[in-house]
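Asks: Take a look at the following structure, please.
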Amino acid sequence: MAILEVDGLKVYFHTRNGVVKAVDDVSFSVDSGETLAIVGESGSGKSVTCYSLLDLLPKPPAKIEGGTALFNGKDLLTCTADEMRHHRCNDIAVIFQDPMTSLNPFLTIGEQLIEPLIYHPDKSKIETRSRAKEKAVKLLDEVGIIDPHTRFNCYPHEFSGGMRQRVMIAMALITEPKLLICDEPTTALDVTIQAQILELIKKLQETRNVAVIFISHDLGVVAGIADKIIVMCEGTIRETGDTDAVFYHSSNDYTKKLLDAIPEGAKVLPNRVTSNEPLVEVSNLKTFFKNESGKNDDDRYIKAVNNVSLTIPRGEILGLVGESGSGKSTLGRSILQLAPTTQGSVKFEGKTLTGLSSSELFPWRRKMQMIFQDPYASLNPRMTVFETLSEPLLYHKLATKKTIASQIKQLMDDVGLSQGQLKKYPHEFSGGQRQRIAIGRAIATKPEFIIADEPVSALDVTIQAQILDLILDLVERHNLTMMFISHDLSVVRYICDRVVIMQHGVVVEEGDTEMLWANPQQLYTKDLLAAIPLADPISERARMARI
Amino acid sequence: MDSIETDKGSSLWKDAWIKLSKNRLALVGLGLLVILIVTSLLTPIIAPYGYEAQNLDMGATAPSLQHWLGTDIFGRDMLTRIMYGGRVSLMVGFIATAVALVIGILWGATAGFFGGRLDAIMMRIVDVLYALPFMIFIILLMVVFGRNILLLFFAIGAVEWLTMARIVRSQVMALRNQEFVEAASSLGLSQWTIIRRHIIPNTLGPVIVYTTLTIPSVMLLEAFLSFLGLGIQPPQSSWGLLINYGVETMEEYPWLLIFPGLALSLTLFALNFLGDGLRDALDPRTSKD
């Protein structure tokens, strides 16, 4: 029996620039004990749909223009604030994306856990502190927190990201809801942690028989846990169906486009010139940061990069893989001399860069560039595209006033942007377009070596595919050497010739991409590879069963 | 390098001007300020009376055709007094604020950008100056350098920059870890160029708002100092001083308070409208229409 039936839901945002139809005529239903995945790219309306059910949208600008959302026969869209509070306290719970910001840092997790029980709006349901604590400890145990009695009194900062998300799940379940809404619950987590959390949600859902709405941008993540899938785009439902039907027999163009955009297998570049001549040589590199709170000699320094040696031959795309905190970004910045190194050396074209002053480094800067992760932060918001692109050319005296306009037009062509957009500011572009501008800035000086630090992880999957293809195209055309830093192993496999795996500042394993995939040597590498969610329901279910 | 400067001038500032010219309130503010400044400049020519011209027999009279804004207890024309007072007040307001702005931005941006020990030292200096009683500081300056209107500008500016430095520093610290700053250093831009081109323009929003708040508070500070006999001396006048005298005789001769008060409020309104307009205009993220 359907626990939630949404019919013809319309949510419009009334902004100064007109009406945005965030959700337009969306209908679906969820049965108890069922997992419904809502999949879509950013701006598809997937989150707005769910938030409107719980009255969590800012109104104005949001306005519910029509439709019904029957929860056990009662319409959520027309209920009063008190009734809504009742629903939130008893029936429906939400898990948010970022476990780092969803917990109050000033309260112990125990205090936050029992809050809904001891401040329940329904006086008859208020529990005593000790009973509430008992319940909370039991639940913490169930979500996999070790030593729940002690951990009950800990503050959020004492937990890692994955553990915090477990706490969040416990918080959502403490009221024993009948419907659980998960809004990208694993997007902010590392891939091995993500696998654990997905498994936990699946297990809890089965034992407690709750209905789950799982919002995600990643088809791979939902493949193993969803019973039904809704594909949304621009506020409308493009496809509804059983998981297998959506993955294997979809006739919808948009769904196909999403599935096609998932990087799979290795891609071989036809016209690449690789040589054995090393372009970048890193030997015994150490980058330590002072840790003010360190007590003994061992933790006085944070060893972000600890004794790393690697060589990148000219023309190679080297993948650098690791989870958050593995030191992969610091290694990238140390190679470019953007982070001060502690020991060891970095050589570029045989010339030692470590220890050079910034003026001595200047001519080398032209040859090594960087592409950053967040296209919203990597462009100066007060500079037009023209200014952003002209800066590297002018500072390195690669253009004169006469030639600069045509050079910048050429750059815009290279990265696939139209020339009419030169006078625009970054905020007028979408995330993918901004990343194109950032790539244009990086290749403006005609560098030989580019470090790309998670260049596609902030982008939607279809945009991600386009940017990856652009990067591959540029590597090929300009004969670039690249270090590609990523946490996403599928992307790395798609784009890289060779892979280096890092953990805790140390290189764990390195090897040719396909050989490493086929035959990983280290336990950590095996764990990483096993944790990748597969965009294929049958093998994904089998994989989850194995773990 | 020069060409970059001109390119910069032709976009952010030019776009800002286009946007500002579409903002009616900001234009009204700008217009009012221009009128006030032009009036102050031309005061010696267009003022109806001399600012010392007394008429003790007449005493304080209400506004009339001869004296549009009335006269004070010495029979001096209020319109003239306000016009002359405006010269002092606007000058103190703008110059002292400009001093505060320049020192504050440079100091705060340097401390925030370089961080570490330099930041610690620079900000402790700010803390010490904060803790120094303002009056003692001013009086010491007056004792050492004597009474001088230029010293007044300097003294007020030297105190007001402290808050500006703190605001700019916190902004810069948030900005310096942004990826676009890192991108600039990976291009090999010098640190000073990064501060100038990438950091300072992005701190303009709060700086402009704080500046529009500083100007009126500086004008009142001048009145306070003058009231203590440390600023300008009678028979010279300023809006702050006029307001102070006006307060004393508020019950009998309300126009002595109302008109200088109006002049100050008008300036404040104009500054706020212009400041808000400037803040929006300098932020490309606000829509162009």
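The values are calculated or read from the model by the stated rules, or taken from the named source; none is laboratory data. Because the structure is predicted, anything quoted here is derived from the model rather than measured. Here Cβ is always computed from backbone atoms with ideal geometry, including for glycine, and neighbour counts include all displayed protein chains.
Asks: Just a yes or no: is a residue in region A:83-105 surrounded by fewer than 17 Cβ atoms within 10 Å (Cβ to Cβ), away from chain B (no Cβ under 14 Å) and of a type in the set (G, A, S)?
Replies: no
Asks: Restricting attention to region A:499-519, which residues are in contact (Cβ under 8 Å) with a residue 40 or more places away in the chain and either of a type in the set (D, E) or crowded, with 19+ Cβ neighbours inside 10 Å (or both)?
Replies: Matches in region A:499-519: A:V499, A:V500, A:I501, A:M502, A:Q503, A:G505, A:V507, A:E510, A:T513, A:E514.
Asks: Look through A:T128, A:T187 and report the one residue that is surrounded by fewer than 16 Cβ atoms within 10 Å (Cβ to Cβ) and within 25 Å of A:R541 (Cα to Cα).
Replies: So the residue among A:T128, A:T187 that is surrounded by fewer than 16 Cβ atoms within 10 Å (Cβ to Cβ) and within 25 Å of A:R541 (Cα to Cα) is A:T187.
Asks: Going by the structure shown, is B:I199 assigned to a helix (DSSP H, G or I), of a type in the set (A, V, I, L, M, F, W, C) and within 14 Å of chain A (Cβ to nearest Cβ)?
Replies: The answer is yes for B:I199.
Asks: Are any of the residues in region A:107-121 among the charged types (D, E, K, R), at negative phi, part of a loop (DSSP other than H, G, I, E, B) and outside the structural domain of A:A226 (by TED's automatic domain parsing)?
Replies: No: region A:107-121 contains no residue that is among the charged types (D, E, K, R), at negative phi, part of a loop (DSSP other than H, G, I, E, B) and outside the structural domain of A:A226 (by TED's automatic domain parsing).
Asks: Could you tell me which of the residues B:S265, B:S238, B:S226 is within 29 Å of B:I167 (Cα to Cα), of a type in the set (G, A, S) and either crowded, with 19+ Cβ neighbours inside 10 Å or in contact (Cβ under 8 Å) with a residue 12 or more places away in the chain (or both)?
Replies: Details: B:S265 fails: either crowded, with 19+ Cβ neighbours inside 10 Å or in contact (Cβ under 8 Å) with a residue 12 or more places away in the chain (or both); B:S238 fails: within 29 Å of B:I167 (Cα to Cα).
Checking each option against the conditions leaves just B:S226.
Asks: So which of A:T108, A:T49 ends up being touching a residue at least 60 places away in the same chain (Cβ under 8 Å) and within 30 Å of the chain's Cα centre (by Cα)?
Replies: The conditions single out A:T49.
Asks: Quick one: would you say A:T236 is of a type in the set (S, T, Y) and buried (at least 21 other Cβ atoms within 10 Å of the Cβ)?
Replies: no
Asks: Let me ask you something else. Collect the residues in region A:232-258 that are of a type outside the set (S, T, N, Q) and assigned to a helix (DSSP H, G or I), keeping them in residue-number order.
Replies: Of all residues in region A:232-258, those of a type outside the set (S, T, N, Q) come to A:232-235, A:237-239, A:241-242, A:244-249, A:253-254, A:256-258.
Hits for region A:232-258 are A:D244, A:A245, A:V246, A:F247, A:Y248, A:D253, A:Y254, A:K256, A:K257, A:L258.
Asks: Shifting gears a bit: Hand me the list of helices (runs of 4 or more DSSP H) wholly inside region A:398-516 holding 1 or more residues that are within 20 Å of A:A531 (Cα to Cα) and within 21 Å of the chain's Cα centre (by Cα).
Replies: Values: elements: A:404-414, A:431-443, A:461-478, A:489-495.
Per the criteria, A:461-478, A:489-495.
Results for (1) in contact with a strand residue (DSSP E or B) (Cβ under 7 Å, 6 or more places away or on another chain); (2) of a type outside the set (S, T, N, Q); (3) in contact (Cβ under 8 Å) with a residue 40 or more places away in the chain, shown as yes or no for each residue.
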{"site": "A:L394", "(1), (2), (3)": "no, yes, no"}
{"site": "A:K402", "(1), (2), (3)": "no, yes, no"}
{"site": "A:S406", "(1), (2), (3)": "no, no, no"}
{"site": "A:Q410", "(1), (2), (3)": "no, no, no"}
{"site": "A:K424", "(1), (2), (3)": "no, yes, yes"}
{"site": "A:H427", "(1), (2), (3)": "no, yes, yes"}
{"site": "A:A442", "(1), (2), (3)": "yes, yes, yes"}
{"site": "A:L459", "(1), (2), (3)": "no, yes, yes"}
{"site": "A:I467", "(1), (2), (3)": "no, yes, no"}
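Asks: Being at the interface with chain B (Cβ under 8 Å from one of its Cβ atoms) and either of a type in the set (A, V, I, L, M) or outside any helix (DSSP H, G or I) (or both) is the filter here, so list the residues in region A:382-397 that pass it.
Replies: Matches in region A:382-397: A:R382, A:M383, A:T384, A:L394, A:H396.
Asks: From the list A:D25, A:D7, A:D55, which residue is in a strand (DSSP E or B) and at positive phi?
Replies: Criteria check complete, one pass: A:D25.
Asks: Moving to a separate point now. How do the pairs read when you match residues in region A:347-364 that are within 12 Å of chain B (Cβ to nearest Cβ) with residues anywhere that are surrounded by 13 or more Cβ atoms within 10 Å (Cβ to Cβ) and acidic (D, E), using Cβ under 9 Å and keeping only pairs 6 or more apart or on different chains?
Replies: Hits for this filter: A:W364/A:E349.
Asks: Please indicate, with yes or no, whether at least one residue in region B:257-278 is within 14 Å of another protein chain (Cβ to nearest Cβ) and touching a Leu at 6+ places or on another chain (Cβ under 8 Å).
Replies: From region B:257-278, those within 14 Å of another protein chain (Cβ to nearest Cβ) are B:278; that's our starting set.
With touching a Leu at 6+ places or on another chain (Cβ under 8 Å) added as a condition, the list becomes B:278.
Yes, because at least one residue in region B:257-278 is within 14 Å of another protein chain (Cβ to nearest Cβ) and touching a Leu at 6+ places or on another chain (Cβ under 8 Å).
Asks: Let me ask something else. If you check A:K135, A:K123, which single one turns out to be modelled with pLDDT of 80 or more and farther than 24 Å from A:D190 by Cβ?
Replies: A:K135
Asks: Quick check on B:K8: is it in contact with a Pro (Cβ under 9 Å, 6 or more places away or on another chain) and either modelled with pLDDT under 75 or within 14 Å of chain A (Cβ to nearest Cβ) (or both)?
Replies: On the way: in contact with a Pro (Cβ under 9 Å, 6 or more places away or on another chain): yes; either modelled with pLDDT under 75 or within 14 Å of chain A (Cβ to nearest Cβ) (or both): yes.
In short, yes.
Asks: Consider region A:415-465. How many of its residues are among the small types (G, A, S) and under 22 Å from A:I335 (Cα atoms)? Walk me through how you get there before you give the answer.
Replies: First, pick out the residues of region A:415-465 that are among the small types (G, A, S): A:416, A:418, A:420, A:430-432, A:438, A:440, A:442, A:444, A:452, A:457-458, A:465.
Next cut, under 22 Å from A:I335 (Cα atoms) only: A:438, A:440, A:442, A:444, A:452, A:457.
Selection size over region A:415-465: 6.
Asks: For region B:229-258, how many residues meet the condition of being within 21 Å of the chain's Cα centre (by Cα) and among the hydrophobic types (A, V, I, L, M, F, W, C)?
Replies: Matching residues across region B:229-258 total 6.
Asks: Mind listing whichever residues of region A:452-471 are under 16 Å from A:T255 (Cα atoms), buried (at least 20 other Cβ atoms within 10 Å of the Cβ) and of a type outside the set (G, A, S)?
Replies: A:D460, A:V461, A:I463, A:Q464
Asks: Mind listing whichever residues of region A:314-332 are within 14 Å of chain B (Cβ to nearest Cβ) and surrounded by fewer than 21 Cβ atoms within 10 Å (Cβ to Cβ)?
Replies: None; the set is empty.
Asks: Here is a follow-up. Quick one: how many residues across region B:59-73 are crowded, with 16+ Cβ neighbours inside 10 Å and in a loop (DSSP other than H, G, I, E, B)?
Replies: Total meeting the criteria: 7.
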